[in-house]
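Remarks on the structure that follows.
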Amino acid sequence: RISVEHADTGTTQFATPSGGSKTVPTESPAIRAAALDVKQQLLTMAADHLKLPAADLEVRGGEVVSKSDPSKKATLGQIPAFSRRALLVGVGYRGPNPPGKAINPFAVQFAEVEVNTKTGEIKVLRFVAAHDSGRIMNLKTFQNQVFGGVTMGIGFGLTETRVMDDKQLGRVLSANLHDYKLPTALDAPADKTVVVVDPHDTECNSTGAKGVGEPATIPTAPAIANAVFHATGLRLTDAPMHPSRVLRALAALKPAPKGQKGGE
């Protein structure tokens, strides 16, 4: 019985842009306030119909029921004022963040990799992402958003190479899906886990949500780089860590033969 309008500022109220990790912590308190507004309107209508105070009523499974006497109740269709209006519109607002506090999500991510020292290829075998995003609104979408962010981070760390013609025209030469290699399902590890850290934050906002977005992507490449260092001793600090870069770094680790200077 709830309709969500996919609209723009021509048909809805103005709102600032929504993106990254700010969507849920920014919008959910206003949505909750609007829902409570609708609920209060409904209880007020039911109170007039049942001749009971609104404070004594609650909504249970499509019915408005008296807390003190559960035999006194009414379905939504039995409330005359609701039937006449047929539509309840709630308006909610979000207040400012609590002063002196940063409402941020936190994350820590772990990668296990396999490095082929002959070809320079890096394969991510396992990945664990632990995220403190406050209250989780939908576990499945939360997990898949983290998995998507991890996959984006794998692309940044291993495959996505931007080639610039900086000596001539400053054009991007790899602006196509053949040369700019996005990660696919074959590049993402089958063994990946999301650990939900839920501290039940009661100060950040009325819904206890702190969001998830950028934190799923940002630590991924550094976690892979640290795993590569643990496996090989190579401290790679440039992305992407493609095979040619790995092979050059491995060659630089080897001591030069006597009588020759070491290579790059």
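On C-alpha positions alone, give me the angle between the axis of helix 243-253 and the longest principal axis of the chain, in degrees, nearest 10.
Once rounded, the angle reads 50 degrees.
Calculate what fraction, in whole %, of the accessible area of the range 1-149 sits on carbon and sulfur atoms when a 1.4 Å probe is rolled over the protein chains.
Carbon and sulfur: 55 percent of the exposed surface of the range 1-149.
Give the relative contact order (percent, whole number) for the chain; include only Cα pairs under 8 Å separated by 6+ residues.
Computed over the chain, the figure is 23 percent.
Using 7 Å Cα-to-Cβ label points, what is the Lys101/His6 separation (nm, one decimal)?
Distance between label points: 3.5 nm.
Label point 7 Å out from Arg85 along Cα-to-Cβ: which residues of the range 26-65 have amide N under 11 Å?
Answer for the range 26-65: 37-46.
Below 9 angstrom from the Cβ of Ser206, what's the summed charge of the other residues (Lys, Arg +1; Asp, Glu -1)?
+2
Taking Rh as the Kirkwood radius computed over C-alpha pairs, what is the Stokes-Einstein D of the chain at 20 °C in a medium of viscosity 1.002 mPa s, expressed in µm² per second?
92 µm²/s
Sort the following peptides by mean Cβ neighbour count (other Cβ atoms within 10 Å, averaged over residues), highest first: 168-175, 39-46, 199-206.
39-46, 199-206, 168-175
Which far-off residues, 5 or more places away or on another chain, put their amide H under 5 Å from the one on Leu125, with H placed in the peptide plane?
Placed amide hydrogens put Glu112, Val113, Glu114 under 5 Å from Leu125.
Tell me the mean residue ellipticity at 222 nm calculated for the chain from its helices only (DSSP H runs of n ≥ 4, each -39500 (n - 2.57), averaged over every residue, nearest 500).
Helix contribution divided over all residues of the chain: -9500 deg cm²/dmol.
7 Å from Cα along Cα→Cβ at both Ile218 and Ala55: what's the point-to-point distance in nm?
4.6 nm
How far apart, in nm, are two points set 7 Å out from the Cα along the Cα-to-Cβ line at Arg245 and at Val196?
According to this spin-label approximation, the distance is 3.5 nm.
Rolling a 1.4 Å sphere over the protein heavy atoms, what is the accessible area per residue of the chain, to the nearest Å²?
65 Å²
Given a Förster radius of 51 Å and the C-beta distance between Tyr180 and Ser71 as r, what FRET efficiency does 1/(1 + (r/R0)^6) yield to the nearest 0.05?
The computed FRET efficiency comes out at 0.15.
Can you give the extra length, in nm with one decimal, that the chain gains between Leu125 and Ile31 once fully stretched, where that is 0.36 nm per residue apart less the Cα-Cα distance?
Between Leu125 and Ile31, full extension yields 29.8 nm more.
Whats the longest run of the chain with zero chymotrypsin sites (Phe, Trp or Tyr not before Pro) that are DSSP loop and have at most 16 other Cβ atoms within 10 Å?
Within the chain, the longest run free of exposed chymotrypsin sites (Phe, Trp or Tyr not before Pro) spans 94-179.
Evaluate the relative contact order of the range 31-178 (contact order divided by residue number), counting alpha-carbon pairs under 8 angstrom at least 6 apart; express in whole percent.
So the answer I get is 14 percent.
Which residues does a label at Gln78 reach in the range 42-57, if reach means a backbone N under 11 Å from a point 7 Å past the Cα toward the Cβ?
50
The values are calculated or read from the model by the stated rules, or taken from the named source; none is laboratory data. As the structure is a computational prediction, the values presented were derived from the model and not from experiment. Note that each Cβ is placed from the backbone with ideal geometry, even for glycine, and that neighbours are counted across all protein chains shown. Side chains included, ligands, DNA and RNA excluded: accessible areas come from the protein's heavy atoms. Shrake-Rupley method; radii C 1.70, N 1.55, O 1.52, S 1.80 Å.
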